[in-house]
1. Which value in nm describes the separation of the simple spin-label points at VAL80 and MET20, placed 7 Å from the Cα toward the beta carbon?
2. Ignoring ligands, DNA and RNA, what percent of the accessible area of the range 1-98 is carbon or sulfur (1.4 Å)?
3. Using a 10 Å cut-off on Cβ atoms, rank the peptides 187-194, 67-74 from the highest mean neighbour count down.
Amino acid sequence: MGTDTGRVRQQSEQLRTTGMLVIPESPLRLWGTLLGCVAFTVVGVVVLLIANQSSSPLLYMLAGIACIGFFGVVGIPGTVRKILRRSRLVVTPEGVRLERRTGQSYVVNESARWTDIAEFFGEEISPGGGARGQLVIGYTLTPLGQQMRSHDPATPQLSQQVNEMADRGTVREGRVYLPATLDGGKEDLLAVLQQAHQTYGHRGRP
């Protein structure tokens, strides 16, 4: 897709002038994820129904059960929960935080100061078969940022919670993956975050 320089410039200017940039989750992407889970669950049911008519009934049964279990039992409830309690990424001159809606308010699930972030990255996850991979974005914590996180029990961490279907935001080897369902282009958001990190990341450093 590429980067929309106009959108990047507009969001960067909004952050500079208002001191806050809010990126909500996309309802279209959330509903698309839910429909995908429903579709694969139906496929799993169909595979189970035709298992006895196939030459490898056990293989078909295992495939159907796995499909229903992953997409039906885990995926559908998890995605419905995400639709009801949508996350949003809040960017400020102090840092970034990932918030989840609870009732009429929001709670912080993940946060990091600019000085605790080493870099923002984009990682392409390929489904295989030569298909174009999905771009996921996130940030890498500095050694000091990892140390402060591990020693501060008050630091919000999604890694301490049950990982939800299609909800990244988890910490793995010092990397924090943001939700894949955030609104807008991934390349645009990555560019905005990288620019903000360059602008605010040196504040407070010796």
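1. Roughly 3.2 nm, to one decimal.
2. That share works out to 68 percent.
3. Put in order of decreasing packing, that is 187-194, 67-74.
The values are calculated or read from the model by the stated rules, or taken from the named source; none is laboratory data. This is a predicted model, so every value here is computed, not measured. Don't worry about glycine lacking a Cβ; one is built from the backbone with ideal geometry, like all the others, and counts go over all protein chains shown. Areas reflect the complete protein model, heavy atoms only, side chains present, ligands, DNA and RNA absent. Shrake-Rupley method; radii C 1.70, N 1.55, O 1.52, S 1.80 Å.
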